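**Q** Please read through the structure below; I'll follow up with questions.
The values are calculated or read from the model by the stated rules, or taken from the named source; none is laboratory data. Model, not experiment: these values are computed from the prediction. Virtual Cβ from ideal backbone geometry, glycine too; neighbours counted across all protein chains shown.
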Amino acid sequence: MADRKDSDSRKLLQRLRDTLSARRDGQGRLDQITHDIADSMGSQVCSIYLFRDPETLELCATRGLRAEAVHQTRMRLGEGLVGRVARTGRHVNTADAPSEPGFRYMPETGEEVFPSFMGVPIQRLGEKLGVLVVQSREARQFSEDEVYGLEVVAMVLAEMTELGAFQGSNADSLPASHRFPQMFRGTGVQEGAAEGRVWLHEPRVVIANPVGDDPHREKARLLDAVTTLRRTVDSLLADADMEGGGDHAQVLETYRMFAHSRSWLRRMDEDIDLGLSAEAAVEKEQSQARARLESTADPYLRDRLHDLDDLANRLLRILTGQGSDTGAEMPENPVLIARNIGPAELLEYGRRLKGVVLEEGSVGSHAAIVARALAIPLVIHAGRIGSEALNGDLILVDGDAGSVHLRPEEPVATAFRDKMAMQAEAQQRYAGLRDLPAMDTAGNTVQMYMNAGLMADLPSLGESGAEGVGLFRTELQFLIRSRVPQRGELAGLYARVMDNAQGKPVMFRTLDIGSDKVLPYMKPHDEPNPAMGWRAIRVGLDKRGVLRMQLQALIRAAAGRPLHVMFPFVAEIGEYEQAHRILMEELAREQRLGRPIPADIRVGAMLETPSMAFAPRRFYEMCDFISIGGNDLKQFFFAADRENERVRRRYDTLSTAFLDLIAQIVARCNDAHVPLSFCGEDAGRPIEALTLAALGIRRLSMRPASIGPVKHLIRRVSLTDLRAEIDRGREAGESNLRPRVIAWLSRQS
Ligand code: PEP
Ligand code: MG
């Protein structure tokens, strides 16, 4: 019985394949297919509905319903049973369609005489393409085998759609996939607007033949490919073990588990029995994993489904011989689309990219840091753009709003270009301020510094007019490598940074790893709360070898020039004292070895925990400079994780409580005559920057692109007056000073 079912299914799929290879137009193929399916399943009706636009389905071919309804009957996503199948991505199987919730009667189709209904989604890797329906006069429920068989047929239809089988000269009335304008709302990580052409980081695998002739041969091909896959995973795992394990090894362990999973292989074998080719069977499994991924919120399960998805991709590449490099030429103004990307890969593309759009990612990810360094607009969490976009599609990325327009309509593109032109104009205005000081109307001057972490940042030092680098995040160099860099390598790099800075000061911050910044080669310590865990100076003091190595590299890089070193995440004076002592020991050691020591060495601390606002006076006196790490300070002050989208915008920097803390730090620094700067993200936000400057912080360090807008605003106002306004708000007991600051600003000419 099962064999008969299999051979019927195979015959049907082979007929579909013949239809695919026959010289016909798209409509002719669809008509033939509905005929073949109805015939093979012994049902009176078979209909194919395809998406006309992302919200509307259209009856595109039918066997059994009225021919006049073709291209006339339309329904919205979620409307009627067909719309329900499309929306949920799940089949509907009923002996009595009119009694189903949501049923909608379409009189023009004449379907009232067919009470039984089975609809399955036509979807490819989670991308919804349409719905395939069979109906029959006899009121019966279709069997599980029939549902499964129709899903296999729908899979082949999805592949045929992808191959363009339903387009053609006489098929203009047919909707085509990958043609609609689509908008994606994500999260903007790096501001800026960009227009460009899509460049897929991982091009899709094309399955030229979804139907297999000989199940034995297809199963043997699949087994061969799975064996190769297992071997690759095993050898990757051996390499990872050699390098000390880590996260990477854990992921590979999961890969190995899936690659050896019998049920995975068995399900694919069953699909082959029904007539699919080996690659189509893999893709069917992958589609199902993606559908489950959509409906799963559990982060652990989502990770595992991702692993399975990655593995299926590898298997498909082995089976089809298609690598990531398709030989296609990168467009002139590429916008990179990827599910996720590592910092090193992104850096490799470099400044060529006009924009980056990721389906996943996080605000504080390493890729985000690189995108910021390169000043490339970046949007993350952009839905399933990777399966929608095709290489070369026109795309607009709005990093400020976090939105992406794929294949935009002309009015959208025009409005977007106007916005870009306005931004370019503003940039030019800011460029005109480059060599002017950030001096307010009362004669107060604020020093404008920039944040950096990669060599790629350094050109911005001249372009932005920054007076120095207020924060050089040294961990980025560690993050983009696959192994710990050597001392000589680091010394060379730091020397180049100083060369490029041409005498402008660079505040090198020692490694701030741990928390969100986990090195690929570092054994992860499963910490329940890593932001408050073993990170930054805590790691440095416990693993002194690395700290000493980095300090030696910095001293050697300076080679007699002045050097600024800053310790991150100091939470009590003792930590600073120890780190300071280690630096002094290294200095003495270098001197003993007869190496040149820096002409001048300034040692500072980052103030990132509220505890240091209350530190003994001695701490302030010991520091040559202090820099407020506002990102961390704010997260600990409000107990709100800076990486957590649910809470990270919940508390305002301009809340009186936080500004009071800042004012206290300013007062303590003034008292001890220690220079103070602020290097968190808020330093680059004009209103926040203005408020911080009014409170007495006279050095701000920010991303280079923010220097123009912040300087522009400072030059228009009196910080002394703003300070008085802020004090009035504090005295009046206001809990948030933003409304007052904005109202005051709007009164300034
Ligand atoms: C900060 O915490 O504000 C800071 C500048 O350091 P990072 O963002 O690298 O933690
Ligand atoms: Mg910090």
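**Q** Could you tell me which of the residues 432, 465, 399 is out of contact with any strand residue (DSSP E or B) (no Cβ under 8 Å at 6 or more places or on another chain) and within 30 Å of residue 716 (Cα to Cα)?
**A** 432
**Q** Output the residues belonging to the stretch 542-597 that are modelled with pLDDT under 95, within 37 Å of the chain's Cα centre (by Cα) and in a loop (DSSP other than H, G, I, E, B).
**A** Within the stretch 542-597, 543 is the sole residue that qualifies.
**Q** If you don't mind, there's one more thing I want to ask. Run residue 127 past the list (1) surrounded by fewer than 24 Cβ atoms within 10 Å (Cβ to Cβ); (2) more than 17 Å from residue 282 (Cβ to Cβ) and report the number of the one that doesn't hold.
**A** (2)
**Q** Does the stretch 628-645 contain at least one residue that is within 16 Å of ligand 1 (Cβ to nearest atom) and closer than 28 Å to residue 489 by Cβ?
**A** yes
**Q** Just checking, which of 130, 119 is free of Cβ contacts under 8 Å to residues at least 40 places away in the same chain and in a strand (DSSP E or B)?
**A** 119
**Q** Within the stretch 591-604, identify whether any single residue is within 16 Å of ligand 1 (Cβ to nearest atom) and within 20 Å of residue 532 (Cα to Cα), and answer yes or no.
**A** no
**Q** Are there any helices (runs of 4 or more DSSP H) wholly within the stretch 280-384 with 2 or more residues that are closer than 30 Å to residue 457 by Cβ, and if so which?
**A** The helices (runs of 4 or more DSSP H) meeting that bar are 343-349, 366-373.
**Q** While we're looking at this one, here's another question. Can you confirm whether residue 621 is more than 12 Å from ligand 2 (Cβ to nearest atom), in a loop (DSSP other than H, G, I, E, B) and in contact with a His (Cβ under 9 Å, 6 or more places away or on another chain)?
**A** Taking the combined requirement at face value, the residue does not satisfy it.
**Q** On the basis of being away from ligand 2 (no atom under 16 Å from the Cβ), over 18 Å from residue 627 (Cα atoms) and β-branched (Val, Ile, Thr), does residue 687 make the cut?
**A** Yes, satisfied.
**Q** Next up: Looking at this structure, is residue 466 surrounded by fewer than 19 Cβ atoms within 10 Å (Cβ to Cβ), assigned to a loop (DSSP other than H, G, I, E, B), in contact (Cβ under 8 Å) with a residue 40 or more places away in the chain and of a type in the set (Gly, Ala, Ser)?
**A** no
**Q** Collect the residues in the stretch 386-411 that are assigned to a helix (DSSP H, G or I) and either loosely packed, with under 13 Cβ neighbours inside 10 Å or outside the structural domain of residue 341 (by TED's automatic domain parsing) (or both), keeping them in residue-number order.
**A** Residues satisfying the conditions are 410, 411.
**Q** Quick one: count up the residues across the stretch 625-660 that are within 14 Å of ligand 2 (Cβ to nearest atom), more than 29 Å from the chain's Cα centre (by Cα) and either part of a helix (DSSP H, G or I) or outside the structural domain of residue 514 (by TED's automatic domain parsing) (or both).
**A** Looking only at that region, the number is 0.
**Q** Which number in (1) crowded, with 22+ Cβ neighbours inside 10 Å; (2) within 16 Å of ligand 2 (Cβ to nearest atom) marks the one condition that residue 703 misses?
**A** (1)
**Q** Scan the stretch 610-623 and tell me whether some residue there is within 16 Å of ligand 1 (Cβ to nearest atom), more than 16 Å from residue 554 (Cα to Cα) and surrounded by 21 or more Cβ atoms within 10 Å (Cβ to Cβ).
**A** yes
**Q** Got a sec? Which of 492, 465 is away from ligand 1 (no atom under 16 Å from the Cβ) and under 21 Å from residue 547 (Cα atoms)?
**A** So the residue among 492, 465 that is away from ligand 1 (no atom under 16 Å from the Cβ) and under 21 Å from residue 547 (Cα atoms) is 492.
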